[in-house]
Amino acid sequence: MEKNYNLTEFLCTFLALVSSISLVQPTSAATTPSAYTNFVKTRCSATTYPAVCIRTLYPYASYVQTNPLKLCKTALSVAIQGAGNTSAKVSKLASRRGYYSRMEAAALKDCMYDVKDAISELKQALGAMTRLGGADRQFQWANAKTWGSAAITDLESCLDGFAGRKISPALRANIKSFVVPPQRLISNALYLINHLYQQ
Ligand SMILES: *[C@@H]1O[C@H](CO)[C@@H](O)[C@H](O)[C@H]1NC(C)=O
């Protein structure tokens, strides 16, 4: 999306900061105390896609323990991972020269930017979540939600680009299968963030 270029450029200054936040590594569930896996299960059960939430966050249960903030940050990290996977898949399709019609190639290119924007926004959301300890907690919390919603919107923009009649149904289905999983991960992360300060 053309209008996002300036925004993305503006964000780059921030990203240097945020990129220092490393993703948590998963651990074996076998040795994880059940209090920790139960915590993930309980928190996930109310999200929009509970099965996705449990499957993707269980491996981090021993890191999260029973800390709701850690769970939110981990959910965002997993969403960043998922969107990163989508980015790689879309880029791979976009690099097939001469294979797609002009409209399809243009939609793939736009989608690449949409997904990259979504990743930047998710990193901003994660950055805001790490700043919740300060006096501006409410502001950072609102920021995290705004960035997360923006990421979902950007992924939706990618899908919209493949809605036209001139796009092959096979390509449309392919893109959908790449984009829907991270949308669900973000949606779950947003739910967890929204309910961070509620029991
Ligand atoms: C991303 O891709 C890697 C490699 O295929 C996979 O192990 C990982 O589970 C994927 N992560 C998400 C969140 O989709």
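We did not get these values from a lab; they are worked out from the coordinates using the rules stated. From a predicted model like this one, the values you see are computed outputs, not experimental measurements. As a convention, Cβ positions derive from the backbone with ideal geometry for all residues, glycine included, and neighbour counts pool all protein chains shown.
Taken over segment 7-194, lysine pairs spaced eight or more positions apart, or on distinct chains, with alpha carbons under 18 Å apart number 17. Based on alpha-carbon centroids, what's the gap between segment 30-66 and segment 145-199 in Å, whole number please? Centre-to-centre (Cα) distance: 22 Å. If R0 is 41 Å, the Cβ-Cβ spacing of residue 99 and residue 146 corresponds to a FRET efficiency of close to 0.65.
Summing +1 for each Lys or Arg and -1 for each Asp or Glu among the other residues whose beta-carbon sits under 10 angstrom from that of residue 125 gives +2. The convex hull defined by the C-alpha atoms of segment 7-194 has an orientation-averaged projected area of 11.6 nm². Taken along the Cα-to-beta-carbon direction at a fixed 7 Å, the label points for residue 106 and residue 92 span 2.7 nm.
Working from Cα pairs under 8 Å separated by at least six residues, relative contact order for segment 7-194 is 28 percent.
Label separation (residue 131 vs residue 34): 4.2 nm, computed from points 7 Å beyond Cα along the C-beta direction. Listed by Cβ neighbour count within 10 Å, with the fewest neighbours leading, 147, 141 appear as 141, 147. Seen from residue 90, the other residues with C-beta closer than 11 Å to its C-beta sum to a net charge of +2, counting Lys and Arg as +1 and Asp and Glu as -1. When the alpha-carbon atoms of segment 72-158 are used, the pair Rg, Dmax equals 15.4, 54 angstrom. Ranked by how many other Cβ atoms sit within 10 Å of their own Cβ, fewest first, the residues 121, 156 fall in the order 156, 121.
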